[in-house]
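The values are calculated or read from the model by the stated rules, or taken from the named source; none is laboratory data. This one's a predicted model, so the numbers in the text were calculated from it and none came from an experiment. Cβ coordinates were reconstructed from backbone atoms using ideal geometry, including for glycine residues, and neighbour counts include every protein chain displayed. For the accessible areas, the whole protein counts, side chains as well, though only heavy atoms, and no ligand, DNA or RNA atoms are used. Shrake-Rupley method; radii C 1.70, N 1.55, O 1.52, S 1.80 Å.
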Amino acid sequence: MPGTASAHSPASPALPGAGRTAVVTGASSGIGAATATRLAADGFDVVLGARRLDRLTALADSIGARALPLDITDQASVDAFASALDRIDVLVNNAGGSFDAKPVAEADLDSWQRAFEVNVLGSVAMTRALLPALRASGAGDLVFVGSTAGLTSYEGGASYTAAKHGVHTLAETLRLELVYDPVRVVEIAPGMVKTEEFSLNRTRSQERTDAVYRGVREPLVAEDVADCIAWAVTRPHHVNVDLLVVRPRAQAAQHKVARED
Ligand SMILES: NC(=O)c1ccc[n+]([C@@H]2O[C@H](COP(=O)([O-])OP(=O)(O)OC[C@H]3O[C@@H](n4cnc5c(N)ncnc54)[C@H](OP(=O)(O)O)[C@@H]3O)[C@@H](O)[C@H]2O)c1
């Protein structure tokens, strides 16, 4: 019968993530949630980690994944998360954020500390905890969600740009240190991505958040970055996507954004 599967239909090709387990940090919103969703659709067994367990569990249930509480800035939480996992093939170090927009002369050291703790130290703690399992998988992937802020500096952004430059250096260093191990190190560096919470955490004002995206016809959305991550971790394992810089077409550079109003 036309359109109906039969014993003679060709078998559907295996999904690219079949048999692999992926951990996504910061999966309760934005890029992390989109990445967890995409990797689950690609056949990965996905484990979501973040602090807001209600959001995490709702998403995990809807995509057939597993949610575990995780605060990457708390070593006991990282240890408990790691000990709940048997196998890990992919770690997406996505949890991060920016917490102020002040010039250095008015630096808020609490924001600097938060930025370094979550973007840099948290990624180091997760990497250290899960690296043995990534090595043991025989074909591990260590993905860092960096930023174009990790490659370029701009005024009023130093607590974040300095932290994301730290993430960039961390990825470069690990690639050197792990060259004899079966673990790829991938950095995805997005430009402007319109997510629900990122700019709000930075500006603490809906008006200033709206101004970030005002007149930009098509900023990236979380699913665009998830697509890049999924692509990078589903290449043949000898292909290492070192650094993937991805911006909306309207953002030619950090300071050059086409706005329509
Ligand atoms: N949006 C952009 O324009 C943009 C551009 C370039 C790069 N990035 C990077 O992309 C990543 C995701 O950004 P996003 O836009 O999706 O932001 P977001 O929506 O604010 O997501 C941040 C995620 O990190 C989690 N998180 C924060 N602190 C954590 C902690 N201590 N332990 C565990 N999880 C923690 C949050 O969950 P809980 O609060 O539930 O813990 C949340 O799920 C970040 O690393 C960001 O720097 C964003």
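For the reader, a short list of remarks on this structure follows.
- Only residues that are of a type in the set (A, V, I, L, M), open to solvent by less than 30 Å² (accessible area, probe 1.4 Å) and closer than 19 Å to D227 by Cα were counted in the range 38-95, giving 11.
- Close pairs (6 angstrom Cβ cut-off, 6 or more residues apart or separate chains): free of Cβ contacts under 8 Å to residues at least 60 places away in the same chain in the range 202-219, surrounded by 12 or more Cβ atoms within 10 Å (Cβ to Cβ) and in a helix (DSSP H, G or I) anywhere: T209/S199; T209/L200; T209/T203; V212/S199; P219/Y213
- Residues of the range 157-173 that are modelled with pLDDT of 95 or more and more than 17 Å from the chain's Cα centre (by Cα): A158, S159, A162, T173.
- Across the range 17-32, the qualifying residues are those that are surrounded by fewer than 24 Cβ atoms within 10 Å (Cβ to Cβ) and touching a Lys or Arg at 6+ places or on another chain (Cβ under 8 Å), and the one among them that is nearest to I88 (Cα to Cα) is T21.
- The lone exception for T148 - which of (1) within 14 Å of the ligand (Cβ to nearest atom); (2) over 19 Å from the mean Cα position of the chain (by Cα) it fails: (2)
- Selection from the range 182-209 of residues that are within 14 Å of the ligand (Cβ to nearest atom) and either touching a Cys at 6+ places or on another chain (Cβ under 7 Å) or of a type in the set (D, E) (or both): E187, I188, E196, E197
- Every residue from the range 101-123 that is open to solvent by 60 Å² or more (accessible area, probe 1.4 Å), among the aliphatic types (A, V, I, L, M) and either under 12 Å from L170 (Cα atoms) or free of Cβ contacts under 8 Å to residues at least 24 places away in the same chain (or both): A105, L109, L121
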